[in-house]
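> I am attaching a structure below and will ask some questions about it afterwards.
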Amino acid sequence: MPKPNQTLGEFIIENQSDFPGSSGELSRLINSLRLAAKVVNHEVNKAGLVDIIGAYGETNIQGEDQQKLDVYANNKFIQTLTNREIVCGIASEENDDFIQIEGHKGDHQNKYVVLMDPLDGSSNIDVNVSVGTIFSIYQRVTPVGTPVQKEDFLQPGNKQVAAGYIIYGTSTMLVYTTGHGVNGFTLNPALGSWYLSHPDMKFPEEGQIYSINEGNYIHFPQGVKDYIKYCQQEEGDRPYTSRYIGSMVSDIHRNMIKGGIFMYPKSSKASEGKLRLLYECNPFAFITEQAGGKASDGFQRIMDINPTELHQRVPFFCGSKKMVEKAEEFMANAKANP
Ligand code: P6P
């Protein structure tokens, strides 16, 4: 049972049973992520003070300008995960291919793979808007040796053993699940410790917030247009409030606390939407379902999608269960009555 103000370290020790079959590796994995998060948080918080923001002069596989903090965060998480002898491979939004981690004690010791977006929403750094790190953890499938992309990385989200995010906002929080609920820890930067501030987080079943980039309205499928109009109608607890930060970690975190739906659908401009299945949608889908919410592509459960590519995109509907179900209703009706 979570205790108020418990530290993350105490929480992990008390909940070792959450990590079946791992003799402490998963705990050490979460511990390494929290260390990297502290270091990245320090840099994010002083980004405005030193010449570390602004384009790094290169572009990543997404064709986006790489902000220096993107590169810094990516390197820091890779370095921390590599040092802990737990991970056999890392896939990142910032790297075209996955990175193999050589195990010093024989590869069979490194049982996990990590997929991550090291600094999501980095285009917001220059305007001082919250950004975040997103991570997804699986057990490797191949028994030993060099990890294999198809078997070890292209696993459906329903095989995740842990997932979480760090939000570098007005306070810095680490929120994660290992399949036993969702717990949020807030960093006390003065002490460098994380404290259990949001035990057993739950998505309210209903909500009055919808989050979508309405600038793309004319490009959305009819079902999405119909649902947006439904949100705006004067009826019952509607119109809902529109809240969109442009940083999915912040938008979904707020909606999990207050209730709401986040949508990044496909459009005539983006045939599969913008968000990445493996290191953005799957981790948030795991967290959302563990918090009693729902996550789909508008038609099917996100975590049942069998991945085909490392950086593949999917349409994403995530949040309060009843709101996602209503959106899916509009999507199904529009599909049935084109
Ligand atoms: P748009 C940030 O770049 C991001 O990947 C998500 O965090 C965010 O929800 C989305 O893109 C915003 O995209 O097209 O609305 O600016």
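The values are calculated or read from the model by the stated rules, or taken from the named source; none is laboratory data. Keep in mind that what you see is a predicted model, and the values were worked out from it rather than measured. Note that each Cβ is placed from the backbone with ideal geometry, even for glycine, and that neighbours are counted across all protein chains shown. In case anyone asks, the SASA skips ligands and DNA or RNA and just uses the protein heavy atoms, side chains included. Shrake-Rupley method; radii C 1.70, N 1.55, O 1.52, S 1.80 Å.
> Percent antiparallel among DSSP beta bridges with both residues in the chain, to the nearest 5?
Counting DSSP beta bridges with both partners in the chain, the antiparallel share is about 80 percent.
> Related question: So, in Å, what gap is there between the alpha-carbon centers of the stretch 251-308 and the stretch 222-242?
So the two Cα centres are separated by 19 Å.
> How far apart, in nm, are two points set 7 Å out from the Cα along the Cα-to-Cβ line at SER271 and at GLN222?
2.1
> Along Cα→Cβ, 7 Å out, is where each label goes; now give me the distance between the ones at LYS46 and THR170 in nm to one decimal.
2.5
> Taking amide H atoms as placed 1.01 Å from N in the peptide plane, list the residues 5 or more away in sequence, or in a different chain, whose amide H sits under 5 Å from that of ALA162.
Residues meeting the amide H criterion: ILE137.
> I'd like the Kirkwood hydrodynamic radius of the stretch 191-338, using the inverse of the mean 1/r over distinct C-alpha pairs, in Å.
Final number for the Kirkwood radius of the stretch 191-338 is 15.6 Å.
> Give me the percent relative contact order of the stretch 182-241, please, defined on Cα pairs under 8 angstrom at least 6 residues apart.
26 percent.
> Near the amide H of SER193, under 5 Å away, which other amide H atoms are found, from residues 5 or more places off or on another chain, if H is placed in the peptide plane?
ASN188
> Treat every Asp and Glu Cβ in the chain as -1 and every Lys and Arg Cβ as +1, leave all other atoms uncharged, and give the resulting dipole magnitude about the Cα centre to the nearest 20 debye.
So the dipole magnitude of the chain works out to roughly 480 debye.
> Okay, moving on. What number do you get for the stretch 147-242 when its Cα radius of gyration is normalised by 2.2 N^0.38 Å, N = residues?
Relative to the 2.2 N^0.38 Å estimate, the stretch 147-242 comes out at 1.52.
> From the mean inverse distance of alpha carbon pairs (Kirkwood) and the Cα radius of gyration, derive Rg over Rh for the chain.
Computed over Cα atoms, the ratio is 0.96.
> Given a 10 angstrom Cα cut-off, can you work out which residue in SER136, SER122, SER193 is the most mobile in a GNM of the chain?
SER193
> For the stretch 239-338, which whole-number percentage of the solvent-accessible area (1.4 Å probe, protein heavy atoms only) is attributable to carbon and sulfur atoms?
47
> Which of LYS68/LYS225; LYS76/LYS111; LYS76/LYS225 have a Cα-Cα distance over 32 Å?
Among LYS68/LYS225; LYS76/LYS111; LYS76/LYS225, the Cα-Cα distance tops 32 Å for LYS68/LYS225; LYS76/LYS225.
> For VAL127 and GLN139 in one chain, what is 0.36 nm times their gap in residues minus the Cα-Cα distance, to one decimal in nm?
0.6 nm
> Grab the Cα-Cα distance for GLU214 and ARG301, subtract it from 0.36 nm times how many residues apart they are, and report the gain in nm with one decimal.
Length gained between GLU214 and ARG301: 28.9 nm.
> Cross-link partners among aspartates and glutamates for LYS269, C-alpha distance below 15 Å, same-chain residues fewer than 8 apart left out?
In chain and number order, the partners are GLU214.
> With an 8 Å Cα cut-off and a minimum separation of 6 or more residues, compute the relative contact order for the stretch 217-303 in percent.
20
> How high is the relative contact order of the chain? Use alpha-carbon pairs under 8 Å, at least six apart in sequence, and give a whole percent.
16
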